[in-house]
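Asks: Dumping the structure here so I can ask a few things about it.
The values are calculated or read from the model by the stated rules, or taken from the named source; none is laboratory data. Quick caveat, the model's predicted, so the values are computed rather than measured. With ideal geometry, Cβ positions are generated from the backbone for all residues, glycine too; neighbour counts draw on all protein chains shown.
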Amino acid sequence: KRYQALPSLVVEGHEAQLENVLKAVLDGVQPLVTGSEGRKAVELICAMYKSSTEGVRVQLPLAKDDPFYTTEGMLARMVRYHKKGKSVENLQDTEISLGTMGK
C-alpha cells in the first residue's frame with residue numbers, strides 16, 4: 001500500500017504541530033496548517049457540538065449571531081454531565097516539551 005512506503009514520522013501529534021509552527025515562525029514560511037484552516041476545524045467542532053446539543057443538522061459556515069459561534073454562547077447551551085469537583089492548583093514542576101526543536 002502507498003502509505004506503507006512513506007518514511008516513519010520523527011514526531012507526531014501535538015509535538016509535531018508545535019515543532020512545525022515554531023519552525024515556520026523561525027524560517028518565515030507557512031506552517032503545514034494555516035490559521036484559516038485551524039479556524040475551519042474549530043468551526044466544524046462547534047457545529048458538531050450544536051448538532052449534538054440541539055439534535056439538528058448544521059450548515060457551515062456558522063453565522064456570527066449563532067450562539068455556537070462564540071465560546072460563551074456554546075458553554076451556556078452545553079449539557080453538563082458531571083460537576084467539576086477537583087482542580088490542579090500548582091503546576092510549577094510541569095515543563096512544556098517542544099520536541100527536538102533547537103537540538
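Asks: Which of the residues belonging to the range 13-60 are assigned to a helix (DSSP H, G or I), more than 16 Å from the chain's Cα centre (by Cα) and surrounded by 13 or more Cβ atoms within 10 Å (Cβ to Cβ)?
Replies: Filtering the range 13-60 down to residues assigned to a helix (DSSP H, G or I) leaves 13-27, 35-54.
The next check asks that each one be more than 16 Å from the chain's Cα centre (by Cα); those that pass are 22-27, 50-54.
Listed by number, the residues that qualify are L22, K23, A24, K50, S51, T53.
Asks: Give the range 64-103 a look and list any residue that's at pLDDT 80 or above, in a loop (DSSP other than H, G, I, E, B), surrounded by 10 or more Cβ atoms within 10 Å (Cβ to Cβ) and not polar (S, T, N, Q), or say none.
Replies: Of everything in the range 64-103, those that are at pLDDT 80 or above, in a loop (DSSP other than H, G, I, E, B), surrounded by 10 or more Cβ atoms within 10 Å (Cβ to Cβ) and not polar (S, T, N, Q) turn out to be D66, M78.
Asks: Can you confirm whether the range 5-12 contains a residue that is surrounded by 12 or more Cβ atoms within 10 Å (Cβ to Cβ), part of a loop (DSSP other than H, G, I, E, B) and free of Cβ contacts under 8 Å to residues at least 40 places away in the same chain?
Replies: No, the range 5-12 contains no residue that is surrounded by 12 or more Cβ atoms within 10 Å (Cβ to Cβ), part of a loop (DSSP other than H, G, I, E, B) and free of Cβ contacts under 8 Å to residues at least 40 places away in the same chain.
Asks: Can you list residue pairs whose Cβ atoms sit under 7 Å apart, with the first residue in the range 39-58 being within 13 Å of R77 (Cα to Cα) and the second being outside any helix (DSSP H, G or I) and of a type in the set (K, R)? Count only pairs 6 or more apart in sequence or on different chains.
Replies: Short answer, once both residue conditions are applied: S51/R57.
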